[in-house]
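Comments concern the structure below.
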Amino acid sequence: MRHRKNQRRSSRKPEKKKHRSRGGKHFFKHSKRTLTGRIQKKPQGFAFVISSDPKQRDAFVSRHQARLLMDGDIVEYKTHHDGKGIAAEVTQVLERSQKEVLGVFKKSGRHPYVETSAGDLFLAAGETYKIESNQWVLAKIVEYPTQRNPAVVTITEVLGKDLSPKMDNKIALAKYGIPDHFSIKVLRDAERSVDWGLNELKSPSPNRKDLRTLPFVTVDGEDAKDFDDAILVQPGEKGGYILYVAIADVSFFVRPKTDLDHSAFERSTSVYLPGTCIPMLPEILSNDLCSLRPQTDKLTLNAEIHYDRKGKVTSALFYEGIIRTARRITYNQLHAFFEKEPKQVEEFNELSEPLSLALELYHLLTQNRKDRGVLDFDLPECQMELDEKGVPAKISRRPRHESHKLIEEFMIAANSEVAKALRVGKASSLYRVHETPDLERVDELNALIKRLGFAQMLKEVTPIAFSKILTETYGKKGAHTLHQAILRSQRQARYEPTPKGHFGLALMDYTHFTSPIRRYPDLIVHRALKEFILKHYHSDKFTEGVDFVKLGEKTSERERRAMEAERFVTRRKQCWFMQPRLGESFSGTISGLIERGIFVEIPEFSLEGFLPVDALGGFYQFDEDHMCFRKRPGHSTLTVGDPMEVKLISVDVEEGQITFSLADKK
């Protein structure tokens, strides 16, 4: 979680002066290679740069450099070792992350300014005399900081002395520089594509197959608005199966080098915040033209995968199509059907055969998945129901039924077969790459496994070895902490033009094909599939002038930005939820230990808080080797997985901190 990571990562103190040899030159050697990365500012004034290359460790950025940078900026830098760790020398700002900032307006003599939570200061220009000091404001950046001049903003909106829960999304969009509206040019491009779609439905191109008589279904959550995939399973030859995965033909509507395409690339992904979605594409596309709504003719790009009776792929076909989905089914409804609940069995009677075949095929694919050694973390996710004030009325663990896993497995199958076809066809495209973990991280994991008291060890760096550890420790005391550590030990998946396989899924071929409504790399894959595999395309070659390396880096960075924004808002909502519960006691489980205290998970609400060591009562000594706190004098210990009754003593929404003490003894 973000709040925990920040507590650990920001513990390093910035260096006050540079070390020099007797000759006056720096003793370290600068990296000859220029790297790119994203700036992560800290309130203390320094920063870290998170490299776009997952093999590179985060590098420290001094206060002197950080004062000219903003949280989220994309920079070029070189690294060196400064005696304390890896440090960065920023050589160029490639892209400013923010055009708008959120901060507190303050008056200081003749120079009013805005201060952000990241510690950035901006001179406030324009008429500010009517604005009271210490109010939260949104401000537009008109000048970025230089060596000679500070950054300058003009205030666009005054939010008040306190930030309300309803402002959480607005705060996140400003903090992470995420656009939430489309330009007139982009909207015009989207409206123009309506006619293209109508004409294609009336007079389909010769290569587009008519699949409207097939009983496709969409399976999504109850609150889903965009339906970009539909599935169907039919009997194949000799007891085998045919899996059809139909994906909205977004590339037909979003043409290369248009304003609509440029906007989609700049966003690169839809952003899902509690209670809302910031779409990658205008709603006329995401919720209408490209949404596979039931009983409506829609254009699709299809993967048709043939399996033998053991669930092994025998062949795969790809083509454009027109479908008309028979039903929209929710995950809960499909789960109830699989559980043979009478109401759902009756409701989906006409779809009984294809749904039953889908379940059979899923079970075969699941066995193949286990044989490969896929890393199944199955970590709980929280879901929220917000009230009219934007405060969670309820927080609970998101259910994960067999229906969820079935759709996920079918999407993985389609992604893998498309990636294989693109690789064999030597197409210019983007692949989803997840490489082998660092050996150093594996050593750290083995040390943790030993401290937690598990007998199993990672003796080789293979998916099967990791999968075996996950399976054999599941449900045991300390397993949650270990599984979180294994997850953090993995390299971050990213987009690259070179296929390098996916370690976590134990697949040699993998890409993202199934969500072009909400992910730009999927749109690129659709174009590549049409141009190089289907041997035709309705526009100019989209590869001309495209740097696929930079395309992969940009879309990967945008994905990380969206994830951080989602985590940021989720944590704020958790804090709002807990704030009225100050003084209440909760049953928790120790999920992590550091020298300063204990992380406690509250399973009921699927959230985590921190219990400082000073709040334990008595004297406790941290034993890192055995991953526990030992009470002195005495022999009692506190370790990962132990149940713990805690009392909520403070909540800081702006810092994302939930703090506990031990609950009062009854």
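Here are the numbers for this structure:
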quantity	calculated
Greater than 19 Å apart at Cα, pairs in Lys42/Lys166; Lys42/Lys130; Lys500/Lys550; Lys107/Lys130; Lys420/Lys530; Lys55/Lys426	Lys42/Lys166; Lys42/Lys130; Lys55/Lys426
J(HN,Hα) series, the stretch 82-99, from Karplus relation 6.51 cos²θ - 1.76 cosθ + 1.60, nearest Hz, glycine and proline x	9, x, 10, x, 7, 10, 10, 10, 6, 9, 6, 8, 7, 8, 7, 7, 10, 10
Alpha-carbon centroids, the stretch 201-223 and the stretch 82-139: separation in whole Å	50
Extended-chain gain in nm, criterion 0.36 nm per residue less alpha-carbon gap, Ser203 and Lys225	5.1 nm
Sequence-separation-based contact order of the stretch 295-367, relative, with Cα cut under 8 Å and 6+ spacing, percent	27
Label-point gap, in nm, between Lys166 and Ile184 - each point 7 angstrom along Cα→Cβ	3.0
Summed residue charge, Cβ within 14 Å of Ala326's Cβ, Lys/Arg positive, Asp/Glu negative	+2
Exposure rank, largest accessible area first [Lys170, Lys42, Lys550, Lys312; 1.4 Å]	Lys550, Lys312, Lys170, Lys42
With all protein chains modelled, accessible area of Lys209 [1.4 Å, Å²]	90
Residue-count net charge about Leu470 - beta-carbon cut-off 14 Å; Lys, Arg +1, Asp, Glu -1	+3
Probe 1.4 Å, protein heavy atoms only - accessible area per residue of the stretch 43-186 in square angstrom	50
Long-range amide H partners of Tyr510 with built H, under 5 Å	Arg432, Gly501
Sites excluded, GluC sites (Glu not before Pro) in DSSP loops with at most 13 other C-beta within 10 Å, longest stretch of the chain	1-126
Straight-distance crosslink candidates among lysines, where the alpha carbon sits under 29 Å from Lys476 and sequence neighbours closer than 8 are dropped	Lys5, Lys370, Lys394, Lys405, Lys450, Lys459, Lys468, Lys631, Lys647, Lys665, Lys666
Where the stretch 576-666 is the region considered: accessible area per residue in Å², 1.4 Å probe	50
FRET efficiency for Glu266 and Lys665, using Cβ-Cβ distance with R0 set to 41 Å, rounded to 0.05	0.15
Mean ellipticity per residue at 222 nm, deg cm²/dmol - from DSSP H runs of n ≥ 4 across the chain, formula -39500 (n - 2.57)	-9000 deg cm²/dmol
In Hz, Karplus ³J(HN,Hα) per residue of the stretch 643-653 (6.51, -1.76, 1.60; θ = phi - 60°; x = Gly, Pro)	x, 8, 8, 10, 10, 6, 10, 7, 9, 10, 5
Alpha-carbon centroid distance for the pair the stretch 465-525 / the stretch 378-425, whole angstrom	13
Heavy-atom accessible surface of the chain: percent carbon and sulfur, 1.4 Å	50
Accessible heavy-atom area order of Cys277, Cys382, Cys628, highest first, probe of 1.4 Å	Cys277, Cys382, Cys628
For Gln135, distant residues with modelled amide H under 5 Å away	Phe105
Distribution of pairwise C-alpha distances over the chain, 20 Å bins, in %	16, 48, 32, 4, 0
Accessible-area order (highest first, 1.4 angstrom probe) of the listed residues His526, His363, His306	His363, His306, His526
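The values are calculated or read from the model by the stated rules, or taken from the named source; none is laboratory data. Just so it is clear, the model here is predicted, and its values are computed rather than measured. Note that each Cβ is placed from the backbone with ideal geometry, even for glycine, and that neighbours are counted across all protein chains shown. Accessible surface is based on the protein model in full, side chains and every heavy atom, while ligands, DNA and RNA are left aside. Shrake-Rupley method; radii C 1.70, N 1.55, O 1.52, S 1.80 Å.
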